[in-house]
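The values are calculated or read from the model by the stated rules, or taken from the named source; none is laboratory data. Keep in mind that what you see is a predicted model, and the values were worked out from it rather than measured. Here the Cβ is made from the backbone with ideal geometry for all residues, glycine too, and neighbour counts use every protein chain on show.
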Amino acid sequence: MAKKIKPTSDQLSRRDFIMRGGAVVGGLALAPSILSNTGAFAARARGGNVGGKLSVLNWPLYIDEKAEAQFKKATGINLKYSEALNDNNEFFAKYQEPLSKGSNVGFDIAMPTSWMANRLLKLGYLQKLPLTDAPNVANLSPGFQSPAWDPSGEYTLPWQTGMTGLAYNIKVTGRELTSANDLFDPKFKGKVGMLYEMRDTVGLTLLGDGVDPATVTYKQARPSMRKLQKAADSGQIRRFTGNDYQDDLVSGDFAVCVGWSGDVAQLVLENEDLRFVIPDEGGMRFADVMVWVKGSKAKAQVAAWLDYFYTVDNAAQLEAFIQYISPVAGIQPALAALDPVAAKSELIFPPESVEARLKTFKILNAKEEKQFDNAFAKITGS
């Protein structure tokens, strides 16, 4: 994810309602005590609180306040939780120097997107996660074990995952959309949105052109880059966005845009004109992952955090709020008790036919990353 911007007050209504307790979702009231039902949470199983301090850096609106409070109560940990992670590249520019020196950066755990985590890992800025002290991480879905960005599976653990596809307002498009090339339909000129996240926007464009983002070379990507540049220069693309595309989608300023599944999963509950689809040619999959930075001494506290949020009940409650795709296996029955609509959502539990069409952008080497980033910066004007 990138440039994840806090929604307006209108968009906040549902999440804000949930955070204040007693929210009705899918016809059922969320039980205020659900997060205290931690089951086999290891800190409790050991018969005592962990205590100490833990600082976590995450994207905005990626956890609910109730979860923060319940984690503190269950562990006795003094939690400092920040939502100041707004862009992967900004994060790297800000923290590269202190991380390279092993200095205190003000957080123990951060949640960059997987490709950025891979960069941090290659540079030696990460510690192995204390997985043996967090038995509930055994609940990690098989599909995320030994991922390309962390082959050993020792340095990262997914917080949330999601899909990148087409988000559209059918009231404006006048028809259902099925192809990544609908983004370039002249009928939608000036009403198309693209994401600043290069791997999502370029990845979807590549798929529309029949090129696999999982294996693409820069040479193979150049025609798609030129296609994007032409769309930007001609006014086909209205603007590039972070997740503030939601405003334009709701208002109708965007007919269609590149969007993230979790955002639209929430919007469709309030606006029946909005749609999300994985194009016939395929869509992108992303993961925002937890990493433990070098220089942090909070081993026990980091283990408690991992263990707590990988219990099925706590993961289900988090999912009811976030509505992306949980990396924790087996949460659907627990989520159904909280939000039966969400538990049936194909945006949260994509069917195999959709899963088969999802791609993850290849891990770029330093030369490739510079080539792609420079070309995309020219397209976006950033």
**Request:** Identify all residues within region 349-360 that are under 27 Å from Met290 (Cα atoms), in a helix (DSSP H, G or I) and out of contact with any strand residue (DSSP E or B) (no Cβ under 8 Å at 6 or more places or on another chain); write none if there are none.
**Result:** Glu352, Glu355
**Fill in**
Inside region 295-321, the number of residues satisfying the requirement of being modelled with pLDDT under 95 and surrounded by fewer than 23 Cβ atoms within 10 Å (Cβ to Cβ) is 1
**Request:** Give Ala138, Ala117 a once-over and let me know the one that is at pLDDT 95 or above, closer than 23 Å to Leu358 by Cβ and small (Gly, Ala, Ser).
**Result:** Ala117
**Complete:** When region 120-153 is checked residue by residue, the ones that are under 18 Å from Ala304 (Cβ atoms) and either polar (S, T, N, Q) or touching a Lys or Arg at 6+ places or on another chain (Cβ under 6 Å) (or both) are Gln127, Pro130, Thr132, Asn136, Asn139
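Per-residue answers, yes or no, for (1) in a helix (DSSP H, G or I); (2) in contact (Cβ under 8 Å) with a residue 40 or more places away in the chain; (3) among the hydroxyl-bearing types (Ser, Thr, Tyr):
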position	(1), (2), (3)
Val289	no, yes, no
Trp292	no, yes, no
Ala304	yes, yes, no
Glu319	yes, no, no
Gly330	no, yes, no
Ala336	yes, no, no
Leu347	no, yes, no
Lys362	no, yes, no
**Fill in**
In region 325-359, residues that are among the charged types (D, E, K, R), surrounded by 15 or more Cβ atoms within 10 Å (Cβ to Cβ) and either touching a Lys or Arg at 6+ places or on another chain (Cβ under 6 Å) or farther than 16 Å from Arg285 by Cα (or both) total 1
**Complete:** The condition from (1) under 15 Å from Leu57 (Cβ atoms); (2) not in a helix (DSSP H, G or I) that Leu129 misses is numbered (1)
**Request:** Could you check, for region 195-215, whether at least one of its residues is out of contact with any Pro (no Cβ under 8 Å at 6 or more places or on another chain) and over 17 Å from Phe361 (Cα atoms)?
**Result:** no
**Complete:** Of (1) under 21 Å from the mean Cα position of the chain (by Cα); (2) in a helix (DSSP H, G or I); (3) surrounded by fewer than 19 Cβ atoms within 10 Å (Cβ to Cβ), Ser146 satisfies every one except (2)
**Fill in**
A careful count of residues in region 167-203 that are touching a Gly at 6+ places or on another chain (Cβ under 7 Å) and within 18 Å of Pro350 (Cβ to Cβ) gives 2
**Fill in**
Of the residues in region 155-197, those that are farther than 30 Å from Trp292 by Cα, under 25 Å from the mean Cα position of the chain (by Cα) and polar (S, T, N, Q) come to Asn169, Thr178, Ser179, Asn181
**Subset of region 329-381 (residues that are more than 22 Å from the chain's Cα centre (by Cα) and among the acidic types (Asp, Glu))** = Glu368
**Cross-chain or 6+ apart pairs with Cβ under 8 Å, region 57-83 first and over 17 Å from Trp159 (Cβ atoms), then aliphatic (A, V, I, L, M) and assigned to a loop (DSSP other than H, G, I, E, B)** = Thr75/Val50; Gly76/Val50; Ile77/Val50
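Are there any helices (runs of 4 or more DSSP H) wholly within region 161-280 with 3 or more residues that are basic (Lys, Arg), at pLDDT 95 or above and surrounded by fewer than 21 Cβ atoms within 10 Å (Cβ to Cβ), and if so which? Don't jump to the end; show me each part of the working.
Values: elements: 170-173, 198-208, 218-234, 245-251, 261-267.
Fully inside region 161-280 and qualifying: 218-234.
Taking the condition of being closer than 19 Å to Lys297 by Cα and not in a strand (DSSP E or B), how many residues in region 61-95 meet it? Quick ask: steps written out before the conclusion?
Restricting attention to region 61-95, the residues satisfying the condition of being closer than 19 Å to Lys297 by Cα are 72, 75-82, 95.
Okay, now just the ones that are also not in a strand (DSSP E or B), so 72, 75-77, 95.
Total meeting the criteria: 5.
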**Asked** Within region 63-77, can one find any residue that is at negative phi, out of contact with any helix residue (DSSP H, G or I) (no Cβ under 7 Å at 6 or more places or on another chain) and polar (S, T, N, Q)?
**Response** no
